[in-house]
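Peer 1: First, the structure itself, so that you have it in front of you.
The values are calculated or read from the model by the stated rules, or taken from the named source; none is laboratory data. Everything numeric in this text was worked out from a predicted model, so none of it was measured. Please note: Cβ atoms are built from the backbone with ideal geometry, for glycine as well, and neighbour counts cover all protein chains shown.
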There are 2 protein chains.
Amino acid sequence: MRPVKALPAPADGMPIGELSRLTGVHIETIRYYEKIGMLPAPPRSKSGRRVYGPSQTRILTFIRRARELGFGIDTIRALLALAEPEHISCAQVREIAAAHLESVRAKIADLKRLEKILSQTIARCSADPAPACPVLDMLNVGDPAINQEF
Amino acid sequence: MRPVKALPAPADGMPIGELSRLTGVHIETIRYYEKIGMLPAPPRSKSGRRVYGPSQTRILTFIRRARELGFGIDTIRALLALAEPEHISCAQVREIAAAHLESVRAKIADLKRLEKILSQTIARCSADPAPACPVLDMLNVGDPAINQEF
DNA sequence: CTACATCCTGTAGCAACTACAGGATCAAGG
DNA sequence: CCTTGATCCTGTAGTTGCTACAGGATGTAG
């Protein structure tokens with residue numbers, strides 16, 4: 001009988017499929033994360049199969065949540081480093097999140113401009129029974145030659 | 001003196017660099033569009049260089065505008081086909097644009113949810129001088145184990 | 001004639017996966 | 001013991017819409 005280990009013991013390891021079901025991350029994606037060094041390589045069974053413990057589950061869930069929030073892989077890498085108990089730095093984490101928030105806001109602004117243009121053009125299309133197509137017109141703005149051809 | 005032609009005549013051809021400057025599309029991108037069949041392959045000079053006329057300029061400008069509006073390549077292919085004088089179909093064009101508008105709106109909705117979560121979390125971070133990091137907490141929601149470790 | 005700009009083809013890389021192909025291994029039933 | 005089907009393995013190629021070379025062939029100006 002071995003003495004109790006400091007860490008709760010890896011105990012029962014699960015195969016990749018179970019980790020996948022548990023975290024909602026595709027098997028291929030898990031292997032991909034391992035390959036790019038996002039997820040530490042787990043120990044293997046005698047026959048070479050990956051055996052995961054609870055710590056991988058935690059990390060993977062963290063990654064999945066961060067991805068859902070739109071963080072990029074490299075950013076998540078940074079967050080994971082900052083999340084380690086010994087280097088924990090709320091200020092830096094906040095900075096990263098704030099930068100990401102900025103880029104999300106920029107994307108929203110971009111998309112809103114598109115939305116406006118598209119919706120206005122389409123509205124013109126249903127309202128105005130003009131001979132030309134307003135959508136195609138929009139795409140050909142500034143090119144009178146093409147309208148002559150039609 | 002020749003009679004006026006229907007099409008303004010290809011006349012003076014320009015090299016790819018000029019087409020690029022004229023349309024604001026990178027040279028590599030122009031060749032890429034040709035390779036994937038978006039832009040018809042132009043005639044070549046004796047030494048094998050591409051020689052472009054005004055019609056390529058029109059098509060390429062159309063593509064660039066559609067890309068700016070967020071249309072995907074395949075969608076633009078469809079639009080180009082529908083824009084041809086002989087197959088012109090405003091109804092179908094409208095349908096495509098409407099579908100695209102829908103997807104733009106869906107993306108905006110998604111991003112707004114993200115924006116809300118991120119901004120609220122970050123606000124909590126500056127307001128609340130809690131021991132734990134709210135951002136990391138958010139990413140670890142539903143996993144009490146990790147908080148014990150910290 | 002020699003720079004230097006511009007052009008050519010072809011390949012590889014980006015993000016962040018996804019989808020096989022072609023095997024090996026495992027667990028359960030007969 | 002053997003077979004069946006699920007699961008796992010590695011490795012490669014595809015996705016989208018380009019961008020960035022490498023390594024060479026022309027074109028143009030002084």
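Peer 1: Could you list, in sequence order, all residues of the range B:56-102 that are in contact with a His (Cβ under 8 Å, 6 or more places away or on another chain) and surrounded by 15 or more Cβ atoms within 10 Å (Cβ to Cβ)? Talk me through it step by step, then tell me what you get.
Peer 2: If we filter the range B:56-102 for residues that are in contact with a His (Cβ under 8 Å, 6 or more places away or on another chain), which is where we start, we get B:69-71, B:75, B:81.
Scanning the range B:56-102 gives B:Leu69, B:Gly70, B:Phe71, B:Thr75.
Peer 1: Here is a follow-up. So is A:Gly70 more than 10 Å from chain B (Cβ to nearest Cβ), more than 18 Å from B:Cys133 (Cα to Cα) and not in a helix (DSSP H, G or I) or not?
Peer 2: No; evaluated as a whole, the condition is false for this residue.
Listed here are the residues, each with its yes/no results for (1) at pLDDT 95 or above; (2) in contact with a Gly (Cβ under 8 Å, 6 or more places away or on another chain); (3) among the polar types (S, T, N, Q); (4) not in a helix (DSSP H, G or I).
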position	(1), (2), (3), (4)
B:Pro3	no, no, no, yes
B:Ala9	no, no, no, yes
B:Ser55	no, no, yes, no
B:Ala78	no, no, no, no
B:Ala99	no, no, no, no
B:Val104	yes, yes, no, no
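Peer 1: Which condition number in (1) within 11 Å of another protein chain (Cβ to nearest Cβ); (2) assigned to a loop (DSSP other than H, G, I, E, B); (3) not small (Gly, Ala, Ser) is the one that B:Pro42 fails?
Peer 2: (1)
Peer 1: Might you check whether a residue that is more than 30 Å from B:Gly72 (Cβ to Cβ), within 16 Å of DNA strand D (Cβ to nearest atom), among the β-branched types (Val, Ile, Thr) and in contact with a helix residue (DSSP H, G or I) (Cβ under 6 Å, 6 or more places away or on another chain) occurs anywhere in the range A:45-54?
Peer 2: no
Peer 1: For a quick check of your reading of the model, give me the residue pairs whose first member lies in the range A:24-37 and is within 14 Å of chain B (Cβ to nearest Cβ), whose second is within 10 Å of DNA strand D (Cβ to nearest atom) and assigned to a helix (DSSP H, G or I), with beta-carbon atoms closer than 8 Å and at least 6 apart or on different chains.
Peer 2: Nothing qualifies.
Peer 1: Being touching a residue at least 40 places away in the same chain (Cβ under 8 Å) and not basic (Lys, Arg) is the filter; apply it to the range A:59-94 and report the residue that is farthest from B:Ala109 (Cα to Cα).
Peer 2: Only one residue tops the list, namely A:Leu80.
A quick yes/no check of all residues on (1) away from DNA strand C (no atom under 15 Å from the Cβ); (2) over 15 Å from the mean Cα position of the chain (by Cα):
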position	(1), (2)
A:Arg44	no, yes
A:Ser47	no, yes
A:Val51	no, yes
A:Thr57	yes, yes
A:Ile63	no, no
